[in-house]
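Each value in this text was obtained by applying a stated rule to the coordinates, not by laboratory testing. Because the structure is a prediction, the values reported are computed rather than measured. When we count neighbours, we look across all protein chains shown, and the Cβ atoms used for this are built from the backbone with ideal geometry, even at glycine.
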Amino acid sequence: GDSVTQMEGPVTLSEEAFLTINCTYTATGYPSLFWYVQYPGEGLQLLLKATKADDKGSNKGFEATYRKETTSFHLEKGSVQVSDSAVYFCALSRGGGADGLTFGKGTHLIIQP
Amino acid sequence: DVKVTQSSRYLVKRTGEKVFLECVQDMDHENMFWYRQDPGLGLRLIYFSYDVKMKEKGDIPEGYSVSREKKERFSLILESASTNQTSMYLCASSPPGDLRNEQFFGPGTRLTVL
């Protein structure tokens, strides 16, 4: 079945460091890909998405490119802030209709001042 | 802004009790979802619904049922709660069509079954 693999956390960085969180997927067909973020004590929020190969999603300084050849959707940010500390989830669409999303296990990001 | 609300942030129940988790969304979304979130496992889909009175099983429906009598409300029911159902439960909703995977999540209900 479909699956998403994310790098294990926690990932600890200093403020203004460059961030990469790896995400690879296994899926039949051509899923859409998503990054969701969960701040402490809150539900998940959509951060960015890409719906087809070579699409780049971007939001709040974060970017991810849909790479079909490597089945990857790595999340990057050039300069992280303390306020970026959160859990980040990579996800893919499960197919036609309202089938929900398949999520990775999440990566806990900690940014130190 | 879309708002998804869940009836409780924290809930403590005893083994064998019947538990109702309620979710309400205010954006007239057709699609609604229930996930559970566990450390090291991420989010797993329990049930979803794409219309009133319609429901579909997700990956882990065993021990759960759902009810959708009104478009804005989607209830998760634990018929006889067990300790392995201690978890964070997240409700989500989404519009139809191309945006159906852009899900809006509630804050979650942390359920403890003793």
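Give me the net charge for the shell around B:Y89: Cβ to Cβ below 10 angstrom, other residues only, Lys and Arg +1, Asp and Glu -1.
+2
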*If you build a Gaussian network model of chain A, linking Cα atoms that sit under 10 Å apart, which residue out of A:T70, A:T102, A:T26 swings the most?*
A:T70
*Using bins 10 angstrom wide from zero, how does P(r) for segment B:14-95 break down, in % of all Cα pairs?*
19, 53, 25, 3
*Mind checking Rg over Rh on the protein assembly as shown, alpha carbons, Kirkwood formula for Rh?*
0.97
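What do you get when you divide the Cα radius of gyration of segment A:47-86 by 2.2 N^0.38 Å, with N the number of residues?
Details: Rg = 11.0 Å, N = 40, 2.2 N^0.38 = 8.9 Å.
With N residues counted in segment A:47-86, Rg over 2.2 N^0.38 Å equals 1.24.
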*Could you give log10 I(q)/I(0) at q = 0.25, 0.28 Å⁻¹ for segment B:61-113, computed by the Debye formula over C-alpha point scatterers of equal weight, without solvent?*
-1.10, -1.19
_All aspartates and glutamates inside 12 Å of A:K77 as judged from Cα atoms, apart from same-chain residues fewer than 8 positions distant_ = A:E15, A:E16, A:E63
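So for segment A:1-88, what percent of the C-alpha to C-alpha distances run longer than 17 Å?
Numbers: 1858 of 3828 pairs.
The answer is 49 percent, as a whole percent.
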